[in-house]
Amino acid sequence: MLEPLTQIGRDAATGGYVRDAWSPADMELREWFAGEAARRGLDLREDRNGNLWAWWGDPSRRPGVVTGSHLDSVRQGGAYDGPLGVVSAFAALDLLRERAGLRPGERGGVPGRPLGVVCFTDEEGARFGVPCMGSRLLTGAIRPERALALTDDDGDTLADVLARAGRRPESIGRDDETLAGVGAFVELHVEQGRGLADHGRPVGVAAAIWPHGRWRFDFRGRADHAGTTRLADRDDPMLPFARMVLAARAAAERRGVVATVGKVRVSPGNANAVPGHVAAWLDARGAAEDDVRALVAELAEGHEVSEESWTPVVGFDPALRDRLARVAGGGGTPAPVLPTGAGHDAGILAAAGVPAGMLFVRNPTGVSHSPEEHAEQADCEAGVVALADVLEDLCR
Ligand code: GLV
Ligand code: MN
Ligand code: MN
């Protein structure tokens, strides 16, 4: 099932994926999702915020159990971050139907509760800067006016892009009706570290998501000639930018957190000119919110900085977490419980009060947000079995 997806949004030169929200690649992925839902006779709905839901059973009668993830990617991302969770969701549903003696495509009786597969829109925030946009809008964690005004690299607002995609920008925002159908949410995800490889286990469970955020720094100077402008006469914004990058690394080491500058825009961008403006994005995360906040405050001192997103710490519901670990352990030793520095829609839902949890599938090298990201087929299959077991347990 992953195979057809490997052709969508792939950069042949690097092997990485570029799947910005609402791009042609994303539209193709959404088509794929609709096709998988149709093949199984599931009811497909797109909510007001562009999230796709495929239901087996009717969640308006009784809140359902939902699983899934996202199909967009970071730029030059891997094949598994997001798609593994969506593909595994459909595969787990197939397995549950098989266990119930249903033929492929046969609707049959609904399990004890409606079962839904979800594809959240724009999880990575690669295009508009704010991650988990679909789940944030759904739960009211971001104001619609703010979301609609965000711009991409071409200066197009989310409002423009939604309208062009045939959606209704004016209707986005908190969606209580859709939320009411979600009795519980379980997201399966490729692990983005080496925790499971170290434990020698194929499947684990998330304990907590570190608090994390993104900040934009604007360094302004004066564009000028690279050959004729004396050093003493320059106002070069590249210098404070470079100092900030080095300071971020030093402060992160000192405070025991992580800090990354992975996106920079230099204007006008001439090799033979002093730049006039440098915009840089800082991503900072850590186990303790105070340490992350203190790092950002330290770096922001004297600079023009705006917070683009902030996600407080998420501790997944301990009872659900332990239940997932027990069931995913398959009757043996419970699956390992691991914290993560990566953000997920499951965290946004948990923060909004939805009982939520996550399963991780082993990533041998731990590399993620890169074409190197990988999971072995056998581990992916173990993930599907664990997810099916967990869904069956939650549907009881
Ligand atoms: C999403 O993958 C994030 O952690 O930024
Ligand atoms: Mn990701
Ligand atoms: Mn992801």
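Considering the stretch 278-299, the residues that are acidic (Asp, Glu) and in a helix (DSSP H, G or I) include one that is most open to solvent (accessible area, probe 1.4 Å), namely Asp290.
Scanning the stretch 300-333 for residues that are more than 16 Å from ligand 1 (Cβ to nearest atom), touching a residue at least 60 places away in the same chain (Cβ under 8 Å) and assigned to a loop (DSSP other than H, G, I, E, B) returns a single hit, His303. Being within 16 Å of ligand 2 (Cβ to nearest atom), under 22 Å from the mean Cα position of the chain (by Cα) and assigned by TED's automatic domain parsing to the domain that holds Gly129 is a description that does not apply to Ala351.
Of everything in the stretch 67-86 that is away from ligand 1 (no atom under 12 Å from the Cβ) and small (Gly, Ala, Ser), the residue that is least open to solvent (accessible area, probe 1.4 Å) is Gly68. Among residues that are buried (at least 16 other Cβ atoms within 10 Å of the Cβ) and part of a strand (DSSP E or B), Trp55 is included.
Would you confirm, using the coordinates I've provided, whether Asp154 is more than 16 Å from ligand 3 (Cβ to nearest atom), open to solvent by 20 Å² or more (accessible area, probe 1.4 Å) and in a loop (DSSP other than H, G, I, E, B)? Yes; evaluated as a whole, the condition is true for this residue. Determine whether Arg362 is surrounded by 18 or more Cβ atoms within 10 Å (Cβ to Cβ), more than 30 Å from Glu253 (Cα to Cα) and among the basic types (Lys, Arg). Answer is no for this residue.
Inclusion of Leu239 among residues that are farther than 26 Å from Ala206 by Cβ, in the same structural domain as Thr228 (by TED's automatic domain parsing), modelled with pLDDT of 95 or more and open to solvent by 70 Å² or more (accessible area, probe 1.4 Å) is warranted.
State which residue is farthest from His344 (Cα to Cα) when the search covers only the stretch 300-320 and only residues that are buried (at least 19 other Cβ atoms within 10 Å of the Cβ) and of a type outside the set (A, V, I, L, M, F, W, C). So, considering only residues that are buried (at least 19 other Cβ atoms within 10 Å of the Cβ) and of a type outside the set (A, V, I, L, M, F, W, C), the one farthest from His344 (Cα to Cα) is Ser309.
Just to be sure before I move on: is Asp389 open to solvent by 10 Å² or more (accessible area, probe 1.4 Å), more than 16 Å from ligand 3 (Cβ to nearest atom), at pLDDT 95 or above and in contact with a Pro (Cβ under 9 Å, 6 or more places away or on another chain) in the structure I sent? Considered against the rule, which asks whether it is open to solvent by 10 Å² or more (accessible area, probe 1.4 Å), more than 16 Å from ligand 3 (Cβ to nearest atom), at pLDDT 95 or above and in contact with a Pro (Cβ under 9 Å, 6 or more places away or on another chain), Asp389 comes out as no. Restricting Ala34, Ala89 to residues that are surrounded by fewer than 24 Cβ atoms within 10 Å (Cβ to Cβ) and in contact with a strand residue (DSSP E or B) (Cβ under 6 Å, 6 or more places away or on another chain) narrows the list to Ala34.
Looking at the stretch 41-91, which of the residues that are basic (Lys, Arg) and at pLDDT below 95 is nearest to ligand 2 (Cβ to nearest atom)? Step by step, filter the stretch 41-91, then rank; the result is Arg62. In the set (1) among the hydrophobic types (A, V, I, L, M, F, W, C); (2) under 25 Å from Cys395 (Cβ atoms); (3) surrounded by 15 or more Cβ atoms within 10 Å (Cβ to Cβ), Leu5 fails one condition alone, (2).
Within the stretch 187-205, residues that are closer than 29 Å to Trp53 by Cβ sit with their Cβ atoms under 9 Å from residues that are hydroxyl-bearing (Ser, Thr, Tyr) and away from ligand 2 (no atom under 16 Å from the Cβ), at 6+ positions apart or across chains, in these pairs: Glu187/Thr67; Leu188/Thr67.
Any residue at all in the stretch 90-105 that's within 16 Å of ligand 3 (Cβ to nearest atom) and either charged (D, E, K, R) or under 22 Å from Thr311 (Cβ atoms) (or both)? Let's see the steps before the verdict.
If we filter the stretch 90-105 for residues that are within 16 Å of ligand 3 (Cβ to nearest atom), which is where we start, we get none.
Within the stretch 90-105, not a single residue is within 16 Å of ligand 3 (Cβ to nearest atom) and either charged (D, E, K, R) or under 22 Å from Thr311 (Cβ atoms) (or both).
Among (1) free of Cβ contacts under 8 Å to residues at least 40 places away in the same chain; (2) farther than 30 Å from Leu71 by Cβ; (3) touching a helix residue (DSSP H, G or I) at 6+ places or on another chain (Cβ under 8 Å), where does Pro169 come up short? Going through (1) free of Cβ contacts under 8 Å to residues at least 40 places away in the same chain; (2) farther than 30 Å from Leu71 by Cβ; (3) touching a helix residue (DSSP H, G or I) at 6+ places or on another chain (Cβ under 8 Å) one by one, Pro169 breaks only (2).
The values are calculated or read from the model by the stated rules, or taken from the named source; none is laboratory data. As the structure is a computational prediction, the values presented were derived from the model and not from experiment. Cβ sites come from the backbone with ideal geometry, for glycine too, and all protein chains shown count toward neighbours. Quick note on the areas: whole protein, heavy atoms, side chains included, nothing else; ligands and nucleic acids left out. Shrake-Rupley method; radii C 1.70, N 1.55, O 1.52, S 1.80 Å.
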